[in-house]
Structure formats: C-alpha cells, structure tokens
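*Asks:* Just passing along the structure, written as structure tokens.
The values are calculated or read from the model by the stated rules, or taken from the named source; none is laboratory data. Owing to the predicted nature of the structure, the values given are computational and were not obtained by experimental measurement. Reconstructed Cβ throughout: ideal geometry from the backbone, glycine too, with neighbour counts over all protein chains shown.
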C-alpha cells in the first residue's frame with residue numbers, strides 16, 4: 001500500500017533523527033531511527049576496518065534508540081569490555097541528541113576473522129559484558145545495568161537488558177549497510193547508512209505484563225520452569241517487527257514513517273515529534289586543561305615531549321596542545 005506523507009500532513013523526520021511512535025491498539029510504544037551523514041562522519045573520522053565500523057554502527061543505532069528515551073538532561077553511555085578482537089566499544093549520548101563513539105580493537109585478530117569469513121558482530125565482541133549507564137548529572141546517582149556477552153548480538157543484549165532489569169517486553173531490530181554512489185562521473189564512493197526500530201509492550205493493566213521467571217540455572221534437577229503464555233497483542237507486535245529486513249532499515253529512500261506505516265497501518269500508528277541526532281563531541285581545550293591540572297609535576301614531566309603536551313581525543317581525534 002502506497003503512503004503519501006504529504007496527503008497525511010506528515011513531514012518525514014529524514015536521516016539522523018529518531019521518531020518516537022505508539023501503536024495504541026497493541027499497547028506498544030517505540031522508536032525508529034535512520035542514520036546517514038552523522039554516522040558517516042563518525043566512522044570516516046576513525047577509518048576502522050570494515051567489520052569494526054559495522055559493529056560500532058550497530059552500537060550507535062542502539063544507543064540512539066535508548067538515549068532518546070531520557071526525559072531529562074543527561075547522558076546515556078553504552079560500553080563493552082570483552083576478550084574479543086574488539087575489546088571495547090563506547091557510545092556516548094548526551095541529551096537531547098549529541099552522539100560520539102569509538103572502538104578499541106586488535107587489528108591482527110580482526111583481520112584473521114575477516115580472512116576466515118567469520119567477522120560477525122558476535123565473534124568480534126567475544127565474551128565479556130556490556131554496561132548501559134544513565135548519568136543524570138552532578139549531585140545525582142548514576143544508574144548502571146550490566147548484560148553478559150556470551151556470543152550474543154546487540155539486538156539480544158537489548159532484549160535481555162529490559163527483560164532482566166526493567167521487566168519490560170522489548171523487541172529490537174538493527175541494520176547497517178553500505179551505499180555506493182558515483183556522483184557526476186567521479187570515482188565510486190562508499191558511505192555508511194544504518195537504522196533501527198525498538199518496540200516495548202506497555203499495557204495499562206499490570207497483570208498483562210506478568211512474565212515467566214528467569215531460567216533457574218543451578219536449580220535442582222526436575223524443577224519446573226514457570227511458563228506464562230505471552231499476551232496476544234505483544235505476540236502480534238513482535239511478529240511484525242521481526243519481519244523487518246536490513247534493506248528496509250538502511251535504504252535512504254525508505255523513511256522511518258514509511259516503514260512504520262508498512263508495519264502497523266492495519267492497527268494505526270501515532271507519530272510523535274522527531275528528535276534530531278548530531279555527531280558532536282564534548283571535548284574542549286578547557287576540559288582537557290582541567291584534567292591535566294590534576295596530575296603531579298612528575299606525571300606532567302613524563303607527558304612532556306620537546307616542551308609540549310599533546311592530547312588527542314579518542315572520540316573525535318581533535319588534538320590539543322599545551323606548553324609545560
């Protein structure tokens with residue numbers, strides 16, 4: 001079914017924006033995002049190997065979906081620490097929509113997986129944990145949730161996080177793609193594109209949110225698992241989102257509004273104001289100087305080379321120079 005956004009009075013959110021929505025008939029709320037220039041700017045700045053860029057892009061999509069849910073001025077930080085070839089991912093979201101990201105990896109191990117055709121996100125991450133931190137600012141306590149990484153995808157990370165920490169049924173789809181263009185007869189150019197959709201089941205009646213107990217783990221043999229049939233509305237919503245493919249999430253010609261209409265037009269979908277995203281770092285000359293002022297004279301001496309101290313921001317690669 002064709003969708004004419006103009007006739008419906010809908011202005012597309014476009015790229016680099018998160019669109020919150022609700023499907024009230026299914027008691028579902030969610031957010032969808034399409035990333036373009038902001039993502040390309042972050043990844044192009046670092047020039048990581050292709051598998052690392054793809055993995056970091058997934059993390060940026062997930063962080064954008066989660067960070068824009070903050071109802072206050074603060075930060076949402078997604079960080080992994082693992083034994084895998086990509087030992088650390090950090091995506092730092094500052095409300096209302098500033099994003100920065102970086103990765104730490106072992107180039108030789110990444111290349112070995114790539115050569116073997118096994119450089120999947122799960123293999124790159126390996127075993128460890130992922131932390132999601134909510135920082136509400138000064139004088140406020142931080143909240144942090146941890147998810148074990150044991151060969152699972154970032155999509156599964158989100159499901160486990162909300163299932164165990166928030167007890168909210170959640171479904172998420174993430175997609176990353178490469179767009180090839182040849183502008184005005186120039187050489188072929190590659191740019192990154194990505195998108196995602198996240199839905200959560202939030203009925204008014206609390207009894208509809210009852211979920212089965214977590215796996216008992218080391219419970220005595222013969223212990224019966226607590227099984228509860230999922231709510232029909234949630235089963236339907238989840239099944240619809242599971243049909244979303246990577247092309248729908250990464251094609252710049254498919255707006256998030258078009259995708260949401262394809263999924264939920266029979267049930268009706270309510271759109272809320274989009275939230276723009278920016279590739280924006282929080283570093284500055286003053287902040288770096290403040291950090292350096294906390295070091296001892298001996299430590300400053302060790303950092304000084306030819307009378308200068310040079311500090312490079314790992315997120316945006318900006319170099320700051322100070323004299324002794």
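*Asks:* Return a yes/no flag: does the stretch 92-106 have any residue that is over 16 Å from the mean Cα position of the chain (by Cα) and either in contact (Cβ under 8 Å) with a residue 24 or more places away in the chain or surrounded by 19 or more Cβ atoms within 10 Å (Cβ to Cβ) (or both). Spell out how you get there, then give the answer.
*Replies:* Step one: filter the stretch 92-106 for residues over 16 Å from the mean Cα position of the chain (by Cα), giving 104-106.
Next, from what is left, pick out any that are either in contact (Cβ under 8 Å) with a residue 24 or more places away in the chain or surrounded by 19 or more Cβ atoms within 10 Å (Cβ to Cβ) (or both): 105.
Yes: the stretch 92-106 contains one or more residues that are over 16 Å from the mean Cα position of the chain (by Cα) and either in contact (Cβ under 8 Å) with a residue 24 or more places away in the chain or surrounded by 19 or more Cβ atoms within 10 Å (Cβ to Cβ) (or both).
*Asks:* When only residues in the stretch 81-91 that are out of contact with any helix residue (DSSP H, G or I) (no Cβ under 6 Å at 6 or more places or on another chain) and surrounded by 18 or more Cβ atoms within 10 Å (Cβ to Cβ) count, which is nearest to residue 155 (Cα to Cα)? Full working, then the answer.
*Replies:* Here is the first cut: in the stretch 81-91, the residues out of contact with any helix residue (DSSP H, G or I) (no Cβ under 6 Å at 6 or more places or on another chain) are 81, 83, 87-88, 90.
If we keep only those that are surrounded by 18 or more Cβ atoms within 10 Å (Cβ to Cβ) too, we end up with 87, 90.
On the way: 87: 19, 90: 16 Å.
Among residues in the stretch 81-91 that are out of contact with any helix residue (DSSP H, G or I) (no Cβ under 6 Å at 6 or more places or on another chain) and surrounded by 18 or more Cβ atoms within 10 Å (Cβ to Cβ), the one nearest to residue 155 (Cα to Cα) is 90.
*Asks:* Return the only residue of 236, 253, 186 being at pLDDT below 85 and either farther than 17 Å from residue 23 by Cα or surrounded by 10 or more Cβ atoms within 10 Å (Cβ to Cβ) (or both).
*Replies:* Values: 236 fails: at pLDDT below 85; 253 fails: at pLDDT below 85.
Testing whether each residue is at pLDDT below 85 and either farther than 17 Å from residue 23 by Cα or surrounded by 10 or more Cβ atoms within 10 Å (Cβ to Cβ) (or both) leaves just 186.
A quick yes/no check of all residues on (1) out of contact with any strand residue (DSSP E or B) (no Cβ under 6 Å at 6 or more places or on another chain); (2) in the same structural domain as residue 274 (by TED's automatic domain parsing); (3) at pLDDT 95 or above; (4) assigned to a strand (DSSP E or B):
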| position | (1), (2), (3), (4) |
| --- | --- |
| 65 | no, yes, yes, no |
| 99 | no, yes, yes, yes |
| 128 | no, yes, yes, yes |
| 138 | yes, yes, no, no |
